[in-house]
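The values are calculated or read from the model by the stated rules, or taken from the named source; none is laboratory data. In this text, all values refer to a predicted model and were calculated from it rather than measured experimentally. Cβ atoms come from the backbone with ideal geometry, glycine included; neighbour counts cover every protein chain shown. Remember, those area values only see protein heavy atoms, side chains included, never the ligands or the DNA or RNA. Shrake-Rupley method; radii C 1.70, N 1.55, O 1.52, S 1.80 Å.
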Amino acid sequence: ALAEYKGGKEGISYNDLLVKALGKAICSYPKVLTQFVNGRAVKKESVDIGLAVAVDEGLVVPVIRNVDQLSLKEIAEERKKLVKAARNAELQPDQMGDAAATLTNLGQQNVDCFTPILNSPETVILGVGRMQTVPWVEEEKITIAKTMGFSLTFDHQVIDGKDAADFL
């Protein structure tokens, strides 16, 4: 995803990069596409990523469909359209639900890390904290680096801790 990133050109945000990276991770760990629905394991066929959006009434989760087939620019365009519809209370039923996973980012609220709540029947939800500039030791030298905290909540009926750690 970073190879496609052009430093903010074309309106690409960090959330777009994170959505793309989450989609690539799901493709690398297809177990995550298995969900428990009504007590049965069901395999999703498409890599659809929910994006938590705060609105006046609370929280909504529009879904970017087929993330694995979209470029960063296409993800950015879809995100902008969905966030605008969410904030204007204009989301359509087909623009929500049935995601493989959700991304929730509290970085703008200066949160470093948190425990996101899983949206059933999804198998994973990725929580992202704020980006910070910190001292970093690299090859025994202190440098400056940007870091972000990630938290993964997952359904133990589908994946165990090791699988979740590998996925993360």
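For first residues located in segment 82-97 and more than 17 Å from Asn119 (Cα to Cα), partners that are in a loop (DSSP other than H, G, I, E, B) and lie 6+ apart or on another chain with Cβ distances below 6 Å form the pairs Ala85/Leu91.
For segment 146-167, a tally of residues being touching a residue at least 24 places away in the same chain (Cβ under 8 Å), open to solvent by 40 Å² or more (accessible area, probe 1.4 Å) and either outside any helix (DSSP H, G or I) or within 13 Å of Leu22 (Cβ to Cβ) (or both) returns 4.
If I filter segment 87-98 for residues that are closer than 21 Å to Leu17 by Cβ, touching a strand residue (DSSP E or B) at 6+ places or on another chain (Cβ under 8 Å) and either hydrophobic (A, V, I, L, M, F, W, C) or surrounded by fewer than 16 Cβ atoms within 10 Å (Cβ to Cβ) (or both), do I get at least one hit? There is no residue in segment 87-98 that is closer than 21 Å to Leu17 by Cβ, touching a strand residue (DSSP E or B) at 6+ places or on another chain (Cβ under 8 Å) and either hydrophobic (A, V, I, L, M, F, W, C) or surrounded by fewer than 16 Cβ atoms within 10 Å (Cβ to Cβ) (or both). Within segment 120-145, being within 18 Å of the chain's Cα centre (by Cα) and in a strand (DSSP E or B) holds for Val124, Ile125, Leu126, Gly127, Val128, Gly129, Arg130, Met131. Looking across segment 29-40 at every residue that is touching a residue at least 40 places away in the same chain (Cβ under 8 Å) and more than 10 Å from Pro121 (Cα to Cα), the one that is most open to solvent (accessible area, probe 1.4 Å) is identified as Lys31. Among the residues of segment 42-58, those that are at pLDDT below 95 and within 12 Å of Leu91 (Cβ to Cβ) comprise Val55, Glu57.
I'd like to check something: does segment 64-72 contain any residue that is in a strand (DSSP E or B), under 15 Å from the mean Cα position of the chain (by Cα) and within 19 Å of Tyr14 (Cβ to Cβ)? Lay out the reasoning, then the answer.
So in segment 64-72, the residues in a strand (DSSP E or B) come out as 64.
Still in the running and under 15 Å from the mean Cα position of the chain (by Cα): 64.
After this cut, where a residue has to be within 19 Å of Tyr14 (Cβ to Cβ) as well, the list is 64.
So far as segment 64-72 goes, yes, one or more of its residues are in a strand (DSSP E or B), under 15 Å from the mean Cα position of the chain (by Cα) and within 19 Å of Tyr14 (Cβ to Cβ).
Within the bounds of segment 43-61, is there any residue that is part of a helix (DSSP H, G or I) and over 17 Å from Tyr14 (Cα atoms)? Working first, answer last.
Let us first name the residues in segment 43-61 that are part of a helix (DSSP H, G or I), namely none.
Within segment 43-61, not a single residue is part of a helix (DSSP H, G or I) and over 17 Å from Tyr14 (Cα atoms).
Taking the stated definitions as given, is Gly23 open to solvent by less than 40 Å² (accessible area, probe 1.4 Å), touching a Ser or Thr at 6+ places or on another chain (Cβ under 7 Å) and not in a loop (DSSP other than H, G, I, E, B)? No, not satisfied.
Which residues, counting only those in segment 116-132, are hydroxyl-bearing (Ser, Thr, Tyr) and either surrounded by 19 or more Cβ atoms within 10 Å (Cβ to Cβ) or at pLDDT 95 or above (or both)?
First pass over segment 116-132, keeping only residues hydroxyl-bearing (Ser, Thr, Tyr): 120, 123.
The one that is hydroxyl-bearing (Ser, Thr, Tyr) and either surrounded by 19 or more Cβ atoms within 10 Å (Cβ to Cβ) or at pLDDT 95 or above (or both): Thr123.
Inspect all residues belonging to segment 100-110 and state whether any of them is in contact with a Pro (Cβ under 7 Å, 6 or more places away or on another chain), surrounded by fewer than 19 Cβ atoms within 10 Å (Cβ to Cβ) and in a strand (DSSP E or B).
No, every residue in segment 100-110 fails to be in contact with a Pro (Cβ under 7 Å, 6 or more places away or on another chain), surrounded by fewer than 19 Cβ atoms within 10 Å (Cβ to Cβ) and in a strand (DSSP E or B).
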